[in-house]
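Q: I have a structure here, written as structure tokens, and I will follow up with some questions on it.
Just so it is clear, none of the values below were taken in a lab; they were calculated from the coordinates. Computed from a prediction, not measured in an experiment: that's the story for all the values here. No Cβ is skipped: glycine too gets one built from the backbone with ideal geometry, and neighbour counts run over all protein chains shown.
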Amino acid sequence: MKLSNIYLIKWYGPFSTKEEIKEGEDSHLPIRFNLYAFQAKQKSKKDKYYCGMTYKQTVGNRLNNHDHHIHDFEDRTELIQIWIGTIANKKAKESDVRICEKMITSQLASEAGVGKGNLENKTNKKPPINNVYIINEWCKTNEGELKKKTHGSVPDVIPEVMAYYSETKALYGANKLKPICDL
């Protein structure tokens, strides 16, 4: 069994603008954020979701690219929530970041997630070829642990724990871990 595909992703947010993200990234230096996910309401009041990755530039710079999906929602900043994530348990290579994005987009595109119709991602929905294990930890922008998740928010639709078994092509997850005992 390959043990290198185990990831702890620390997510910080929610942010509403690219400027807030740049400030958030700067305040957490030298941490490098490679993942981002956002939820936005369209004018039709329907929630749309997107998960992306960046490796050679910061999240703030990636979101400034002229062809990014975030521009479709910028005039509605009161209705957008952006989370930025870092792989906290290892120095991530580009392949690690890509695997994490692939897992999250695969889950979001599924019926257990938000469904393909509510996901803005057009690529990278196919599952990984090896077993993958992800723990998602959600923090407020000030690094405090997120205690309550708003229904339909990014932390609510991405499971806290995800496990993918390549042999069966099955993705397992737990949306909210529950305590089993005090130690």
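Q: Given H placed on each backbone N at 1.01 Å, which residues far from E160 in sequence or on other chains put an amide H within less than 5 Å of it?
A: Here A174, N175, K176 satisfy the definition.
Q: Which of the residue pairs K41/K116; K56/K91; K22/K90; K22/K56; K48/K90; K10/K93 have a Cα-Cα distance greater than 19 Å in the structure shown?
A: Working: K41/K116 16 Å; K56/K91 14 Å; K22/K90 23 Å; K22/K56 15 Å; K48/K90 31 Å; K10/K93 16 Å.
Those over the limit are K22/K90; K48/K90.
Q: Continuing with the same structure: Between A112 and N61, what is the label-point separation in nm under the 7 Å Cα-to-beta-carbon projection?
A: 3.6
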